[in-house]
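These notes are about the structure you will find just below.
The values are calculated or read from the model by the stated rules, or taken from the named source; none is laboratory data. Here the structure is a predicted model, which means the values were calculated and not measured. Virtual Cβ from ideal backbone geometry, glycine too; neighbours counted across all protein chains shown.
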Amino acid sequence: MDHDGRAWIARLPDELDGQRSILDRLLSLCEATEGVRWLVVGCSVGRGVGDGLSDLDVAVGVREEGFPAIAADVRRGVDRLGDLVDSFQQQLPGVTTTHERIFAQFANRGQVDLVVFPASVDAGAIPNVVVLYDPDERIVIASEPRPAVTPEQAREWAFLGWCALADLGKYLRRQSPWEALARLNEARDQLWRLRAAARDVLTPQYGLTSILDFAPGELPAGMEATVADLDPARLLAAGQALAALLADAGRYLRADQAAALPEAMARYITADLAAIDPPGALCRHRQAYLDAMGLWGPSPGTAAAGGRLAPGPDGADREAAFRGWHLVTRGVEHADPCEASAGRRG
């Protein structure tokens, strides 16, 4: 098949002038580099939906027998595609095929994210690629339907989401909001993947990105409530909202996917988050003391700094009285936070 890569590059819209210039030079680099056997571009630019800020997701196939030297030639060539800010190369986590990833940032905000593979890799199986260079005519674009998300994959995404929410509860109890926020965001990422699978969009493993690319008008309702800052009360509320959405994810999935979801984990973590006292409110032990003593007056249930009892209307130290009551009735001194020791990690 004749792939006129230069003509395709020339047809890119004016908004992609920066990408057009880089791609044109990259094509010339591949044509001039001994051992480069194909070049493809994918993702948003390859699908024709890129904009002026889109990076260039490209892959290059080179002869196996000269892979290290040819990859080094490609790396040096990429650095010369424009006004380079900096670049680096790495091995992608979890990718077992011989490869090298090269990322380059250019001064016009252009970015090249390029992976060098052996030429024997089936580039036609990569979703939505455009072939720019293939002198051996070895690339055949796959025509088979894309593989569906398996029940096992749906279970993995859901389970990882519940694990992240379990950690959220742990870090809230430890009063570690930065760690809680990180786990909240991870749980949301897993939920995005499940919602992408439910919408049957391409590459659901990319979650929110794939939804915005392929179903931009179908963002699920309620996701705004899962966003929080470092305020502990808002972190807890966001985590509980996310747990409700994650527990409801099966309603939108195929029956076999929904049947594989970890329902026991969902029930346990949902209940565990519900058991956390809202930060700034009274813990159950302090509320039990007020109930037992029949104490009322202005704001008897109001917490002072750190969730401690505010003084009574007569100035009485209700916090000290509570601690004495706790020692007598429970046989141990009260420790904050109630449900976990802040000194333990794991």
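A few comments on the model shown:
- Meets criteria (outside any helix (DSSP H, G or I), in contact with a Lys or Arg (Cβ under 7 Å, 6 or more places away or on another chain) and surrounded by fewer than 16 Cβ atoms within 10 Å (Cβ to Cβ)) for L81: no
- Taking every residue in the stretch 212-234 that is closer than 17 Å to N185 by Cα and pairing it with any residue that is polar (S, T, N, Q), at least 6 positions away or on another chain, the pairs with Cβ-Cβ distances below 8 Å are P232/Q175.
- Options Y206, Y171: the member that is under 30 Å from G77 (Cβ atoms) and among the aromatic types (F, W, Y): Y206
Okay, residues lined up against (1) outside the structural domain of W325 (by TED's automatic domain parsing); (2) at pLDDT below 90; (3) touching a Cys at 6+ places or on another chain (Cβ under 8 Å); (4) hydroxyl-bearing (S, T, Y):
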site	(1), (2), (3), (4)
V201	yes, yes, no, no
M223	yes, no, no, no
A233	yes, yes, no, no
L245	yes, no, no, no
L295	no, yes, no, no
L309	no, yes, no, no
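- Sub-9 Å Cβ pairs linking a first residue in the stretch 130-144 that is at positive phi to a second residue that is part of a loop (DSSP other than H, G, I, E, B) and modelled with pLDDT under 85, at least 6 apart or interchain, are E137/M1; E137/D2; E137/H3, ordered by first then second residue.
- Selection status of L53, without any contact (Cβ under 8 Å) to a residue 60 or more places away in the chain, farther than 22 Å from R138 by Cα and of a type in the set (A, V, I, L, M): yes
- Selection status of D231, surrounded by fewer than 16 Cβ atoms within 10 Å (Cβ to Cβ) and farther than 19 Å from L168 by Cα: no
- Any hit, the stretch 91-103, residues being in contact (Cβ under 8 Å) with a residue 24 or more places away in the chain and part of a strand (DSSP E or B): yes
- When the stretch 165-223 is limited to residues that are assigned to a helix (DSSP H, G or I) and among the basic types (K, R), the one that is nearest to the chain's Cα centre (by Cα) turns out to be R188.
- When S87, S120 are checked against the criterion of being among the small types (G, A, S) and part of a strand (DSSP E or B), a single residue qualifies: S87.
- The sole residue among L84, L160 that is at pLDDT 90 or above and closer than 30 Å to L235 by Cβ is L160.
- In the set (1) over 18 Å from L160 (Cα atoms); (2) without any contact (Cβ under 8 Å) to a residue 12 or more places away in the chain, L290 fails one condition alone, (2).
- Among the residues of the stretch 187-201, those that are among the aliphatic types (A, V, I, L, M) and more than 16 Å from G217 (Cβ to Cβ) comprise A187, L191, L194, A197.
- Any helices (runs of 4 or more DSSP H) falling wholly within the stretch 1-54 and containing at least 2 residues that are among the hydroxyl-bearing types (S, T, Y) and closer than 27 Å to A72 by Cα: 17-32
- Criterion violated by E152 - all others in (1) touching a helix residue (DSSP H, G or I) at 6+ places or on another chain (Cβ under 8 Å); (2) in contact (Cβ under 8 Å) with a residue 40 or more places away in the chain; (3) over 17 Å from A274 (Cα atoms) satisfied: (1)
- Verdict on E263 being modelled with pLDDT under 95 and not β-branched (V, I, T): no
- Candidates A241, A180, filtered to the one that is in contact with a helix residue (DSSP H, G or I) (Cβ under 8 Å, 6 or more places away or on another chain) and surrounded by 21 or more Cβ atoms within 10 Å (Cβ to Cβ): A180
- So V60, is it within 17 Å of E34 (Cβ to Cβ) and in contact (Cβ under 8 Å) with a residue 12 or more places away in the chain: yes
- Condition check for V40: in contact with a Cys (Cβ under 6 Å, 6 or more places away or on another chain), surrounded by 18 or more Cβ atoms within 10 Å (Cβ to Cβ) and among the aliphatic types (A, V, I, L, M): no
- Counted residues, the stretch 158-189 - those being basic (K, R) and more than 18 Å from I276 (Cα to Cα): 1
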